[in-house]
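Worksheet for the structure shown next.
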Amino acid sequence: MSNNAAPLILLTRPEPAASRFARACRDRLGAEIAVVIAPLAEIVPLPGALDLGGIRGLIFTSEAGVSAFATRSARRDLPAWCVGDRTAQAARDVGLSAQSAAGDAETLIAAMGAASPEGPWLHLHGEDTRGDVVARLSDLGVEATGQAIYAQRPRAPDAGFRAAIRGTGPVIAPLFSPLSAERFAAALNGDRPGHVTPVALSAAVRDALPAPWRAETPVAEAPNAGEMLRAMARRISP
């Protein structure tokens, strides 16, 4: 992509994360950057009691899990292990003492396995979860259980999404999870226009895209927002 190109950033992640990342895009890539927020999913809480009896700590692999917990429980005395810095900060913002694994589910499992904290730990996650966090922690000797407390419900592509895809100018679409990659591909019916470039947070996100897309999908050097922005900046100004 040439230096004088004026790409549009298409954000399909749920709110409020989409709006926060839009601000980060303008801060990092320039206030004049065009950003379209067109979520392909929305976060909804799941019913059911949250039993914290005997639990010694919480595990969060998303900010949505932190938010769902904070609205359902007044407990703030439990420590939390979090997948990355942003999730850890979200946990601290609601009053929890949080440790960041500074990466993805793989680094979280490795870090907890090395620390070997006394359990049981409760992984609060979405309805669609990946990585087998609980089972793999148990294999490492960390007692853990899990509960789904929110869901990402799909949303149909809106007018902003359709306009971006039907346009002719360059579009950069950052994708933050394998599920979001799958939904993005489904919204395009598996047919990616040449002017649209997905950027994946991790190899797992890239690999959730259709095979023909993967070779042309950049991957952030580390699974965090800062590296995602750097990967996007490289597409704008190689």
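In the range 8-37, of all residues being more than 18 Å from residue 201 (Cβ to Cβ) and touching a Lys or Arg at 6+ places or on another chain (Cβ under 9 Å), the one that is modelled with the lowest pLDDT corresponds to 32.
Each row is one residue, and each column tells you yes or no for (1) open to solvent by less than 20 Å² (accessible area, probe 1.4 Å); (2) closer than 27 Å to residue 124 by Cα.
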| site | (1), (2) |
| --- | --- |
| 153 | no, yes |
| 182 | no, yes |
| 193 | no, no |
| 205 | yes, yes |
| 213 | yes, no |
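In the range 132-147, of all residues being part of a loop (DSSP other than H, G, I, E, B) and open to solvent by 80 Å² or more (accessible area, probe 1.4 Å), the one that is farthest from residue 108 (Cα to Cα) corresponds to 143. Against the test of being buried (at least 18 other Cβ atoms within 10 Å of the Cβ), touching a Ser or Thr at 6+ places or on another chain (Cβ under 9 Å) and touching a residue at least 24 places away in the same chain (Cβ under 8 Å), the options 101, 38 yield a single qualifying residue, 38. Restricting attention to the range 183-213, the residues that are touching a strand residue (DSSP E or B) at 6+ places or on another chain (Cβ under 7 Å) and either farther than 27 Å from residue 105 by Cα or not in a loop (DSSP other than H, G, I, E, B) (or both) total 12. Applying the condition of being touching a residue at least 60 places away in the same chain (Cβ under 8 Å) and not in a loop (DSSP other than H, G, I, E, B) to the range 110-129 and asking which residue is farthest from residue 61 (Cα to Cα) yields 121. Does residue 87 satisfy being open to solvent by less than 30 Å² (accessible area, probe 1.4 Å) and β-branched (Val, Ile, Thr)? So residue 87 fits the description; yes.
The values are calculated or read from the model by the stated rules, or taken from the named source; none is laboratory data. Source: prediction; values computed, not measured. We place every Cβ from the backbone using ideal geometry, glycine too, and count neighbours over all the protein chains shown. Heads up: the accessible areas ignore ligands, DNA and RNA and are worked out on the full protein's heavy atoms, side chains in. Shrake-Rupley method; radii C 1.70, N 1.55, O 1.52, S 1.80 Å.
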